[in-house]
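Right, one structure below, let's go through it.
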Amino acid sequence: MRAAWLRAHAREGPDGGALNTVTLLPAAGGGAVTRIAICAKHVVDVARVKIDKETNEPILKGVGKKVSVADKNAMEEALRLKDAVGGAQLVVYTVGTPDAKDSLKELLAMGADKAVILTPSVPLSQLDSLATATILADAMRADGVPQIIVCGDASEDDTSSQVGPRLAEALGISNVSIALKTTGHTDRVEVSRDSGNGTITIDARFPTLITVTEETNKPRLPNIMQIMAATKKPVELRGPETLPSLQHPPVGLVPVRVVALPSDRKGIILKDLPAAEMAQRVVADLKKAGLIGGD
Ligand SMILES: Cc1cc2nc3c(=O)[nH]c(=O)nc-3n(C[C@H](O)[C@H](O)[C@H](O)COP(=O)(O)OP(=O)(O)OC[C@H]3O[C@@H](n4cnc5c(N)ncnc54)[C@H](O)[C@@H]3O)c2cc1C
């Protein structure tokens, strides 16, 4: 299916060989940008998860949730593209439970116009990336496919890096992953990405989906007025009755057990010492462990 819209124009790069300009053409049509979407996942704050010493399982009870880190970069990039193309409505989509509302406030404060929370009939632990992408695609199709969709490259907890590309496939639109930089135009987004031996510049005609990383940009911090205004922005809760894929998600995953990887961390904590002394101790310990060379 991709061959229908992908046309590559090879041109020699500065190193004489790299493919550095690619144009992704849409399946059909173009027109003004009226809708931009980002996908955001409401994740457990992984840094606060402790491991049960007996079972080696993560203790999730009482651990707070937040927006997955790269999704703030997705929001920042979407806001910049919105400024560049002008006038579009920017909607955040989340597959999750209604408590995601608290995290989404942060994205609304950054500048999103509206958030949509899609809650399936099954526990979220039964969703895999196919089910999540199918739900997101169906919701976007029902609302009108956005001309630009921005996702994080990988979620902070499960990190499969599949939802963005699967969503693009489900919608039959182009996808540029791991963008270094984007520049919005009225009919396309110019995306730079690292090819490993140079930078590739891609012209992605609308509609297109872009994934970004923490390195793509620095998310803006909303000010107090924006935080207050966000409380008045619409957050739409859509339950299983609103979409067939929320009622019967295409689930193929049966979680068996979630366990922490074995770790041989020593857990040494240096405190109440002058900084220079702590640095000397760290260097001495690293040398002793053979991790850095001796003198
Ligand atoms: C034990 C267990 C518990 C789980 N609990 C949850 C849970 O609490 N919440 C949950 O959503 N899933 C949960 N899942 C499902 C699992 O996280 C899915 O596989 C997930 O929806 C997609 O995979 P990923 O996180 O690796 O996404 P990736 O492909 O790594 O994410 C890339 C990007 O896709 C987008 N994206 C990913 N997930 C979502 C989403 N849910 N909504 C909107 N955009 C998204 C974001 O832009 C994200 O940056 C659980 C699975 C298991 C096994």
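The values are calculated or read from the model by the stated rules, or taken from the named source; none is laboratory data. Note that this is a predicted model, so its numbers are computed, not measured. Positions of Cβ are generated from backbone atoms using ideal geometry, with glycine treated the same way; all protein chains shown enter the neighbour counts.
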The residue that is surrounded by the fewest Cβ atoms within 10 Å (Cβ to Cβ), considering only those in the stretch 116-162 that are touching a strand residue (DSSP E or B) at 6+ places or on another chain (Cβ under 6 Å) and over 21 Å from LEU90 (Cα atoms), is ASP157
For strands (runs of 3 or more DSSP E) lying entirely in the stretch 197-281, having 1 or more residues that are within 15 Å of the ligand (Cβ to nearest atom) and charged (D, E, K, R) picks out 235-238
Quick one: would you say GLY111 is crowded, with 22+ Cβ neighbours inside 10 Å and either aliphatic (A, V, I, L, M) or within 17 Å of the chain's Cα centre (by Cα) (or both)?
no
From the option list VAL256, VAL212, VAL283, single residue qualifying as outside the structural domain of LYS101 (by TED's automatic domain parsing), under 27 Å from the mean Cα position of the chain (by Cα) and either over 25 Å from ASP102 (Cα atoms) or touching a residue at least 40 places away in the same chain (Cβ under 8 Å) (or both) is VAL256
Reported set for the stretch 37-75 where residues are modelled with pLDDT of 95 or more and either away from the ligand (no atom under 13 Å from the Cβ) or in a loop (DSSP other than H, G, I, E, B) (or both) is ALA40, LYS41, SER68
Sole miss for LYS101 among (1) of a type outside the set (Val, Ile, Thr); (2) more than 8 Å from the ligand (Cβ to nearest atom); (3) in contact with a Lys or Arg (Cβ under 7 Å, 6 or more places away or on another chain) is condition (3)
Taking the stretch 86-102 and keeping only residues that are out of contact with any helix residue (DSSP H, G or I) (no Cβ under 6 Å at 6 or more places or on another chain) and either part of a loop (DSSP other than H, G, I, E, B) or crowded, with 21+ Cβ neighbours inside 10 Å (or both), one is left with GLY86, GLY87, VAL91, GLY96, THR97, PRO98, ASP99, ALA100
